[in-house]
Amino acid sequence: MTHFLSVEKSNREELLRLLTDAQKFKATRGQSCSLLSGQTWALIFNKPSTRTRVSFEVGLRELGANVIFLSQNDLQLGRGEPIIDTARVLGRIVHGAIIRTFAQADIESFASYGAIPTINALTDEEHPCQIVADLFTILEERGTIDDLKLCFVGDGDCNVTRSWIWAAEHLGFELRVAAPQKYQPAGALKGRIKSPKIAFTSDVKAAAAGANVLYTDVWVSMGKETESAGRLADLVEFQINDELVKLAAPRALVMHCLPAYRGKEITESVLEAHAATIFSQAENRLHAQKAIVAAVRPQPDFNN
């Protein structure tokens, strides 16, 4: 694996390897690791971040790298320099780039022209690092991802949902996306899906019935703020609450990629009842992203 740009462009073997390596990194945290000794990696973030930025900065340092954080205001990108020129400059100076931006095409162009390992830390199209951490959390909690029935509730066409779609496509688990029709993926994306285990419905109760994971994300994603009032009205029935949890399988996990807006996509009572799982998701970003960094570089020696 040279880059990690999307779940769609990954495959089953790569995803399973990332989960195995995340387990190893978590188990050996605190032991000296020099995988990236002498290297400098750039974090290029054009969108705000808490979990992604902190976990990548800490993870890179724990792997032995130096880290440079660059916002849009720190780069000539903010004044109109083409992404391909920025990529060709940074590709000659740093050893890897982790990018959070708007257009998926920009990160793909950077990877092509920069010729250094490039990781997608979120675009409008996908949030692949989040899904690796989530799968790792499910594996920890359930002991397996086999026979997984995951119900995503809310905006069925956001970047997190799309990454879940491709994870289900590659790994073969059951995914039910419960969303109003207008918040479901367009026909072109649905047409690329081959798995019969991926379904879309506006019947949130039917989607939740018997699910062993209930998952949600914010209703108003970054860049959608002008649509806030309409989205809150459209999605009000697509909330994870106590009644919905009762429809899921016994001991079902409730997950949220955070930040959470209590009383909107998830109730206060449900979030607090499942806080241990939800904040394990956040912690596991560190271990999953160390595995991703390791995968785009030579594999680590966990005894080093």
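The values are calculated or read from the model by the stated rules, or taken from the named source; none is laboratory data. The structure displayed is predicted, hence computed values, not measured ones. In this analysis, Cβ positions are derived from the backbone assuming ideal geometry, glycine residues included, and neighbour counts consider all displayed protein chains.
Only one of the numbered conditions (1) in a strand (DSSP E or B); (2) within 15 Å of the chain's Cα centre (by Cα) is not met by GLU8, and that is (1). Among the residues of the stretch 164-184, those identified as under 20 Å from the mean Cα position of the chain (by Cα), farther than 20 Å from ASP134 by Cα and either of a type outside the set (A, V, I, L, M) or part of a strand (DSSP E or B) (or both) are TYR183, GLN184. When you scan the stretch 51-85, how many residues do you find that are modelled with pLDDT under 95 and of a type in the set (Ser, Thr, Tyr)? Going through the stretch 51-85 one residue at a time, the tally reaches 1. Which pairs have Cβ atoms under 8 Å, sit 6 or more apart or on different chains, and link a residue in the stretch 191-216 that is in the same structural domain as ARG142 (by TED's automatic domain parsing) and within 21 Å of CYS257 (Cα to Cα) to one that is in a helix (DSSP H, G or I) and basic (Lys, Arg)? As it stands, the answer is PHE200/LYS190; ASN212/ARG142, since those pairs meet every condition given.
Within the stretch 276-296, the only residue that satisfies the criterion of being assigned to a helix (DSSP H, G or I) and touching a His at 6+ places or on another chain (Cβ under 7 Å) is ILE278. Please go through the stretch 252-261 and pick out each residue that is surrounded by 15 or more Cβ atoms within 10 Å (Cβ to Cβ) and either outside any strand (DSSP E or B) or out of contact with any Lys or Arg (no Cβ under 9 Å at 6 or more places or on another chain) (or both). Passing the criteria: ALA252, VAL254, MET255, HIS256, CYS257, LEU258, ALA260. Taken over the stretch 238-268, the residue count meeting the criterion of being of a type outside the set (Gly, Ala, Ser) and free of Cβ contacts under 8 Å to residues at least 40 places away in the same chain is 10.
Selection of the stretch 137-155 for residues being surrounded by fewer than 21 Cβ atoms within 10 Å (Cβ to Cβ) and under 22 Å from PRO180 (Cα atoms) yields only LYS149.
Residue by residue, here is whether (1) surrounded by 15 or more Cβ atoms within 10 Å (Cβ to Cβ); (2) over 24 Å from LEU122 (Cα atoms) holds:
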{"position": "LYS182", "(1), (2)": "no, no"}
{"position": "SER202", "(1), (2)": "yes, yes"}
{"position": "ALA207", "(1), (2)": "yes, yes"}
{"position": "GLY210", "(1), (2)": "yes, yes"}
{"position": "VAL220", "(1), (2)": "yes, no"}
{"position": "ALA233", "(1), (2)": "no, yes"}
{"position": "PRO250", "(1), (2)": "no, yes"}
{"position": "LEU286", "(1), (2)": "yes, no"}
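Residues that are part of a loop (DSSP other than H, G, I, E, B) and either among the polar types (S, T, N, Q) or in contact with a Cys (Cβ under 9 Å, 6 or more places away or on another chain) (or both) within the stretch 137-146 comprise just one, THR144. Selection of strands (runs of 3 or more DSSP E) fully inside the stretch 17-136 by the criterion of at least 1 residues being surrounded by 20 or more Cβ atoms within 10 Å (Cβ to Cβ) and either touching a Phe, Trp or Tyr at 6+ places or on another chain (Cβ under 8 Å) or in contact (Cβ under 8 Å) with a residue 12 or more places away in the chain (or both) returns 40-45, 96-100, 118-120. Filtering the stretch 237-250 down to residues that are part of a loop (DSSP other than H, G, I, E, B) and over 24 Å from the mean Cα position of the chain (by Cα), which residue is farthest from ILE278 (Cα to Cα)? For the stretch 237-250, the residue satisfying everything is GLU237.
At pLDDT below 95 and over 22 Å from the mean Cα position of the chain (by Cα): does that describe GLY187? Criteria met by GLY187.
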